[in-house]
1. Mind checking which of A109, A77, A23 has the largest fluctuation in a GNM of the chain, springs on alpha carbons under 10 Å?
2. Want the number for E20 to E157: 0.36 nm per residue separation, take away the alpha-carbon distance, what's left?
3. Using the per-residue mean of other Cβ atoms lying within 10 Å as a proxy for protection, in what order, highest first, do the peptides 147-154, 41-48, 9-16 fall?
4. If you look at just the Cα atoms of the chain, how large are its Rg and its Dmax in Å?
5. Given a 10 angstrom Cα cut-off, can you work out which residue in I180, I19, I61 is the most mobile in a GNM of the chain?
6. Size of the dipole of region 1-123 about the Cα centre, Lys and Arg at +1 and Asp and Glu at -1 on the beta carbon, nothing else charged, in debye to 20?
7. Output the peptides 120-126, 135-141 sorted from most to least packed, where packing is the average of other Cβ atoms within 10 Å over each peptide's residues.
8. Using a 1.4 Å probe on the protein heavy atoms, what percent of the accessible area of the chain belongs to carbon and sulfur?
Amino acid sequence: ENVTLFLISAPTDATPVTIEITAQTLIAEDLLFGDISEYRLSTAGNVIFTATDANDFESSIYSEALTLTDNRYHMLAITGLEQELDGAVANEEKRPVKTLSSLAILHAAPSTPLLDIYVLPSSTTIGESDPTGDNIAPLLTGQFGLSPDSFTVSVTESSSETVISGPLTIDATPYSLFKIILLDAPGGGGPIQMLTVDL
C-alpha cells in the first residue's frame with residue numbers, strides 16, 4: 001500500500017523484470033545500551049539495515065543497503081554518546097578451514113580510538129607475543145581462526161602491553177563460533193567491557 005513507482009525510461013530491447021515490494025521486518029525493539037539482539041536466519045538477497053530511535057520509525061539513526069550471501073554473518077552495530085550516534089555493518093568472513101573455530105571481536109567502545117587484541121594459547125604471555133590484531137578502530141571487526149586449544153583473549157591500548165580488558169578464556173573446539181563485543185562502561189568511558197555473544 002501507498003507505494004508509487006515511476007518508469008523513467010526503457011530501451012527498445014528491454015526484457016521484463018519482476019519487482020517485489022515486501023513489508024519491513026522489525027528485528028529488534030527497545031534495545032538498551034549494551035544490548036545485543038539474537039542472530040536471525042535470512043534468505044540471500046538485497047536488504048536494508050536501519051536503526052531508529054525507539055518506537056519512532058521516522059527518526060533514522062543509521063541505514064545501509066547490502067546484499068546478504070550464503071554462509072556469511074552480518075552485524076549492525078550502533079555506538080556513540082548522547083546525540084553523537086553512528087553505526088556500521090560488520091561483515092564477518094566465513095571460516096576458511098571448517099575444522100577451525102572462528103572468533104570475531106567487534107570494537108564498539110568510542111572512548112578508545114585504537115585497540116590491540118591478543119588471542120594467545122593459555123601457555124603464552126603478552127610479553128612474549130605480538131598482538132593477534134593491532135590498531136583495530138571503532139566499528140571494525142577483527143576475525144581470527146583458532147585451532148582446537150584453550151586461548152586467552154586480552155585487550156590493550158594500541159602499542160601498549162597494559163591490559164585494559166580481559167583476559168577471557170575460550171576453549172576452541174572444531175566448528176565453534178565465538179563473538180566478543182567491546183563496549184564502554186555504562187554511561188561511557190572505561191573500563192572497557194568484553195561481552196560474549198552466544199551463537
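1. Checking each option, the largest mean-square fluctuation is seen for A23.
2. Net length gain for the segment: 44.6 nm.
3. Descending packing order for the listed peptides: 147-154, 41-48, 9-16.
4. Rg, Dmax (Cα atoms, Å): 20.3, 69.
5. Sorting by GNM fluctuation, first place goes to I19.
6. About 760 debye.
7. Taking the mean over residues of other Cβ atoms within 10 Å, the ranking is 135-141, 120-126.
8. It is 51 percent, rounded to a whole number.
The values are calculated or read from the model by the stated rules, or taken from the named source; none is laboratory data. The shown structure was predicted, so the numbers you read here are calculated from the model rather than taken from an experiment. Cβ coordinates were reconstructed from backbone atoms using ideal geometry, including for glycine residues, and neighbour counts include every protein chain displayed. Protein only, heavy atoms only, side chains kept; ligands, DNA and RNA dropped before computing areas. Shrake-Rupley method; radii C 1.70, N 1.55, O 1.52, S 1.80 Å.
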